[in-house]
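Written out below as structure tokens is the structure these notes cover.
The values are calculated or read from the model by the stated rules, or taken from the named source; none is laboratory data. The structure displayed is predicted, hence computed values, not measured ones. Ideal geometry is used to build each Cβ from the backbone, glycine not excepted, and the neighbour counts take in all protein chains shown.
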Amino acid sequence: MTQTFNAAVSVVGIDIGKNSFHIVGHDERGAIVVRQKWSRGQMEERFATMPRCLVGMEACVGAHHLSRKLNSLGHDARLMPAKYVRPYSKGQKNDFRDAEAIAKFVATKTADQLDLQALHRVRERLVSQRTGVINQAFLLERGIAVRQGLRFLRAELILATPPDVLSPRMVRIIEDLLACDWRRLDERVERLSDEIEAIARQDAGCERLMSVPGIGPIISSAMVAAIGAGDVFSHAR
């Protein structure tokens with residue numbers, strides 16, 4: 001089996017690692033003609049000297065950056081959802097078999113899509129943290145039941161609590177949570193939401209999605225960040 005790329009290679013599968021990449025090259029008949037392990041520093045140099053070919057890799061961390069780089073070098077780089085890699089893998093799992101298994105693809109995300117997706121992920125994390133603060137059952141443990149929802153808890157905290165229900169220490173703890181945690185998270189979530197909404201209002205794809213009842217800036221921008229224009233799907237469903 002040859003260990004150098006040549007004109008016979010038409011399809012390349014890459015199993016992406018942090019510092020090394022497992023490469024499997026197929027010819028037009030589907031036979032494996034190359035099986036190599038490259039370091040991260042070798043990737044661009046070697047692909048730059050290769051004939052144009054179809055390059056597939058799992059859609060994992062770092063894959064979109066590498067896909068854009070390979071496309072800029074003239075290759076047809078595509079990404080495959082992780083859930084589709086395993087069914088095509090033969091025998092016991094290893095990195096070369098993973099590289100060989102890659103055959104179905106998804107669209108490469110643009111830098112703007114990745115930026116928007118990062119905004120959504122940070123916002124989601126902050127919302128989760130805020131929910132954790134709200135769900136601490138300090139009031140319920142002292143017999144104060146509050147209806148579900150942010151506005152009801154806010155109203156309850158604004159109202160004066162009878163001094164015989166909460167100790168001064170507990171009042172201080174709750175006031176600190178409200179001032180230092182909840183309000184800070186509220187502000188950060190609001191800033192991210194405003195930024196996402198501004199992006200959505202300027203994006204034609206988001207505007208089309210927002211014409212559907214019930215879909216606003218957050219949902220529409222999350223969809224655009226995930227699938228772009230959706231033109232890689234064979235039909236609307």
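Remarks
- Test: Ile173 is at pLDDT below 85, among the hydrophobic types (A, V, I, L, M, F, W, C) and assigned to a helix (DSSP H, G or I): yes
- Selection within the stretch 14-29 - under 20 Å from Pro51 (Cβ atoms) and surrounded by fewer than 15 Cβ atoms within 10 Å (Cβ to Cβ): Glu28, Arg29
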